[in-house]
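Enquirer: One structure follows; several queries about it will come next.
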Amino acid sequence: MNLMGDYAAANHDVIHRLVSKLLGAKIIAGVENHHNFAWKETHGGKEMIVHRKGATPASVGELGVIPGSMADPAYVVRGKGCAESLNSASHGART
């Protein structure tokens, strides 16, 4: 799973760099947010696997994306590190 996450991130990086070059734009920040991914993390002194099912990792200061739907915008957010949510922000999109 980690290998596939790294592969997806590398592909996104290539796509973003090529599109920005074609547009003559400058990338000012990067936000990586795997969808349907699990992380090995430590919370409350206990190591666990956290599967956010599309929710955004949101440790203190971490940039993330809360997706919209096909009709609603997405938002770039900065994490607050809420321990009760295992440092996660909401998924965002409505069904």
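The values are calculated or read from the model by the stated rules, or taken from the named source; none is laboratory data. The model shown is predicted, which means the values in this text are computed figures rather than measured ones. Here the Cβ positions follow ideal geometry from the backbone for every residue, glycine too, while neighbour counts run over all protein chains shown.
Enquirer: Quickly run through the range 62-82 and pick out the residues that are exposed (fewer than 13 other Cβ atoms within 10 Å of the Cβ), in contact (Cβ under 8 Å) with a residue 24 or more places away in the chain and under 26 Å from G45 (Cβ atoms).
Expert: none
Enquirer: Please go through the range 41-82 and give me each residue that is among the hydrophobic types (A, V, I, L, M, F, W, C) and assigned to a strand (DSSP E or B), ordered by number.
Expert: Answer for the range 41-82, where residues must be among the hydrophobic types (A, V, I, L, M, F, W, C) and assigned to a strand (DSSP E or B): M48, I49, V50, L63, V65, I66, V76, V77.
Enquirer: Name the residues in the range 13-50 that are surrounded by 11 or more Cβ atoms within 10 Å (Cβ to Cβ), out of contact with any His (no Cβ under 9 Å at 6 or more places or on another chain) and at pLDDT 90 or above, would you?
Expert: D13, H16, R17, V19, S20, K21, E41, H43, M48, listed by residue number.
Enquirer: In addition: Enumerate the pairs (first residue in the range 32-55 and aromatic (F, W, Y); second residue anywhere and surrounded by 14 or more Cβ atoms within 10 Å (Cβ to Cβ)) with beta-carbon separation below 6 Å, excluding pairs fewer than 6 apart on the same chain, so at least 6 apart or on different chains.
Expert: F37/G5; W39/V50
Enquirer: Looking at the structure I just gave you, is S85 more than 17 Å from the chain's Cα centre (by Cα), among the hydroxyl-bearing types (S, T, Y) and surrounded by 11 or more Cβ atoms within 10 Å (Cβ to Cβ)?
Expert: no
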